[in-house]
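I have placed the structure first, in the form of structure tokens, so that the comments after it can refer back to it.
The values are calculated or read from the model by the stated rules, or taken from the named source; none is laboratory data. Everything quoted here is computed from the prediction, not taken from an experiment. Counting neighbours? That spans all protein chains shown, and the Cβs are built from the backbone with ideal geometry, glycine included.
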Amino acid sequence: MDQESWDALDHFFCEQLLSPDLALDSALESSAEAGLRSINVSPNQGKFLQLLARIHGARRILEIGTLGGYSAIWMARALPSSGTLISLEIDPQNAEVARANLARAGMGSVASVLVGTATELLKGLIDERAEPFDMVFIDADKKSYPDYLLLSLQLLRPGGIIVADNVARGGRVIDPDNHEDDIVGLRKFFRMLASDTRLSTTAMQTVGSKGWDGFSLTRLSTE
Ligand code: SAH
Ligand code: DHB
Ligand code: MG
């Protein structure tokens, strides 16, 4: 199997299972026009996040890493009209593009984008005693996943879930010769997930239009 086959099968899944969607399509178009990198989740991954949020009955979702708001639109649509999605983004231009995309998708009143370094924004939410979140999606710089985990856990309700994107990175996570910051960060992220007895975690590899990667899914116990 190669990238071409993965692309073709992802295309088949999306064509069969996902309805055409103007707001999502135009979010990707306007992101491309603004020069954003196309590192958003794929459509079927977006729908996976949306289904997880809905199955979990999420009312408050925290996203770390907004880009053009593509994954945010998918998840925000899982929320009731009284729900809240807060997405954190370091780049003000990305945040602008994302806000416009969220507004065009009709999600302007449930979703908001905060601009700044995610660790600082997370500390701010902790300091202001933000209402706990039901679900956190970690998808910003991979080297900081350990920090994002520690801070997210202070914002997550008991029984809440954390999904992290890009935890496989084409298998580089277990390459002993790879000492890139992102990869080192991901390995530490796994050690932390494994050693915290309040957490129950799995990780899945994925192939598809975004290459070979994966996500982890963690639940914080209610004890
Ligand atoms: N979740 C998006 C993709 C996010 S890409 C989607 O699937 O549609 C990662 C994003 O994280 C980029 O927009 C990048 O600017 C942002 N980012 C990187 N480092 C960050 C940091 N330290 N704090 C906040 N955001 C950061
Ligand atoms: C990168 C970041 C992502 O969140 C992603 O899904 C793919 C690639 C990156 O920084 O290369
Ligand atoms: Mg990602």
Residues that are without any contact (Cβ under 8 Å) to a residue 12 or more places away in the chain and surrounded by fewer than 19 Cβ atoms within 10 Å (Cβ to Cβ): list the strands (runs of 3 or more DSSP E) wholly contained in the stretch 135-223 that include at least 3 such residues.
none
When residue 75 is evaluated against the numbered criteria (1) within 16 Å of ligand 2 (Cβ to nearest atom); (2) farther than 21 Å from residue 134 by Cβ, which criterion, by number, is the only one it fails?
(2)
Being assigned to a strand (DSSP E or B), closer than 29 Å to residue 146 by Cα and at pLDDT 95 or above is the requirement here; does residue 88 meet it?
yes
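Does residue 144 satisfy the criteria of being of a type in the set (S, T, N, Q), within 16 Å of ligand 3 (Cβ to nearest atom) and over 21 Å from residue 210 (Cβ atoms)?
On the way: of a type in the set (S, T, N, Q): yes; within 16 Å of ligand 3 (Cβ to nearest atom): yes; over 21 Å from residue 210 (Cβ atoms): no.
In short, no.
Can you report the number of residues in the stretch 165-182 which are among the β-branched types (Val, Ile, Thr) and within 12 Å of ligand 2 (Cβ to nearest atom)?
Kept after step one, since they are among the β-branched types (Val, Ile, Thr), are these residues of the stretch 165-182: 167, 173-174.
Subset that is within 12 Å of ligand 2 (Cβ to nearest atom): 167.
Adding up the residues that qualify gives 1.
Mind listing whichever residues of the stretch 116-144 are away from ligand 1 (no atom under 11 Å from the Cβ) and either β-branched (Val, Ile, Thr) or within 17 Å of the chain's Cα centre (by Cα) (or both)?
Going through the stretch 116-144, the residues away from ligand 1 (no atom under 11 Å from the Cβ) turn out to be 123-136.
Residues satisfying the conditions are 126, 133, 134, 135, 136.
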With away from ligand 1 (no atom under 14 Å from the Cβ), on the phi > 0 side of the Ramachandran plot and touching a strand residue (DSSP E or B) at 6+ places or on another chain (Cβ under 9 Å) as the only criterion, which of 83, 57, 69, 65 stands out?
57
List the number of the failed condition for residue 83; all other conditions in (1) within 13 Å of ligand 2 (Cβ to nearest atom); (2) over 17 Å from the mean Cα position of the chain (by Cα) hold.
(1)
Tabulated pairs, the stretch 40-64, first part of a helix (DSSP H, G or I), second β-branched (Val, Ile, Thr), C-beta under 8 angstrom, 6+ apart or interchain:
45/206; 46/73; 49/41; 49/163; 52/161; 52/163; 53/61
